[in-house]
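Below is one structure; the comments refer to it alone.
The values are calculated or read from the model by the stated rules, or taken from the named source; none is laboratory data. Here the structure is a predicted model, which means the values were calculated and not measured. Backbone-built Cβ (ideal geometry, glycine too); neighbour counts: all protein chains shown. With ligands, DNA and RNA removed, areas are computed over all heavy atoms of the protein, side chains included. Shrake-Rupley method; radii C 1.70, N 1.55, O 1.52, S 1.80 Å.
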Amino acid sequence: MEDELREELNTKLIGRDEQVDTLLSLFGEPNDITPPSVFMYGPSASGKTYLIKEFIKAYDNQYPVEILPPGHNSNSATTTNGGKIRPSWFSYIDCVECNSPRLIFERAINSWVGWRPSVHNGFTTLVRCESSVEFVNKAGPILNQASSSSSSDMDLGLVQDEEYDTDLIDQSSPPRNPLAKGTRYMIFDHAERLRDLGPLFLSSLLRLNEFTSTHQNNNSDTYICVVMITQVPWDKFRPRHGGAIDPLMVRFTDYSKQNILDILGTNDCPKGEPLDFFLTFVDAVYEVFHRNSVNLNELRHLVALLYPRYVEPVYEGQATRNETSRLFRLCQPYFVSATDKLFLREISSSEWQRNSLRASAKNDPSQVAMSVSNMVVAGSGGGIELPYYTKFLLISAFLASYNPARMDVAYFAKTKGEGGGASRRRGGGGKKAASKDKSGALARQQLLGPKSFPVERMLAIFYSILDSPVDCTIDIYTQIASLVTLKLLVRITSMDKLESMKCRCNVGYDFVRIVAKSVLFDIDRYLYDFV
């Protein structure tokens, strides 16, 4: 049965064969002893939640939880069906939704026994658990075939009802019959939020299997396994108190290029479009954007918005599907605009799509690019939504990346004695010595790409190009951190190096020229060897 389960999951989960094999080896069959805790971590959009949800469905179908009516043995048991919620080995808990111990523990028990609060039962829960102690006291007897007597049920806090359906779970009364024995799982998605529930809560969860076994005098046939799903590594997750044992790690890596092509080709290919033609476009999008991000959701988002622009010339009669190079040439302005604006989330997807419809493949490419650029710069006097001083910081970063450091005095000194300023540039500043490449050809500064620079140099340029002193209430370093967060600046030095931080500008000339124009700054006057 394990091989059948593995084959079913591998057909649905592309590129996650190793993780599926690991979970199957850890969980095994319901009666197998499992580790007390499992820690699943990895970057965003790496398939963690999707894998565990598909695993829950396949596992419950392969090993259904049996409800044993009184006086029947396991051979005559029937499983729940017919649209009712059936018991499950798993309890999926989203820590964003269940943000308190009571919500977590009540959700776990309700999922295990197939109880759903509804209008028929007054939206009540099966048991009331305010803490981990109450959970251990009440969950253990329920999961280990507690007595169905009235007094016992009242001690557990259960609601009584005389009617009970042997085939379906009556949502107006809790099941009072013994449940199948086996390991129960608590799945915590966004598990990093568990750290906010108290210093000892996470430690108690990691030792939950130990507590329930001890409470039953080591005669328990039911085990509880805690599974945590998060993007945070365990080193930043480990509790400081409680003496919990480290869980077993299951690491998820980013999808490879072939995995992304397989996933998008299987799920995202528009109806009626040739698969090979669509995959050619997806391959091009991956090659353009994978240096910035290999996040599956980001790439899927870009493919969904850019593919209509890519295939548009085919329907307008401007090109055929076989003319791949022509199609990419017509779509190139949209790729550039998506890199500068959409990928950085400067505008919403709907706004980008709405404004891009104004441009057509029949237009001149420069007009297409200008049409898309107007999404950010509204009208003639609008500007990019950055604070005033942040725009000057971005301009200073661009100048520091593309200008040689030896020219700073000539361009930014405010007194003639320190370098002559603009008058020196007009007078006897000397002829520029343009750099040459290995073949002897001239290599202009913008062709060499952005260079790294210390933040101190950027700040010196920043204070030089400002006409008025900076307000003392402005925190310049906070705005630099914002530029790094927005990926407009790229930090070169590591985080542990405290002496000096080096950065590199991550925007192009057209982008920074629009920024400079919005603050009435002539950036062309301060660029060295630029065309």
Check your understanding: Top to bottom by accessible area (1.4 Å), largest first, where do R240, R116, R207 land?
Key -> R240, R116, R207
Point to revise | Cα-projected label distance for E29 with T324, points at 7 Å along beta-carbon direction, nm | key: 5.1
Review point. With each label point set 7 Å from Cα along the Cα-Cβ vector, what nm distance links S44 and Q62?
Key: 3.2
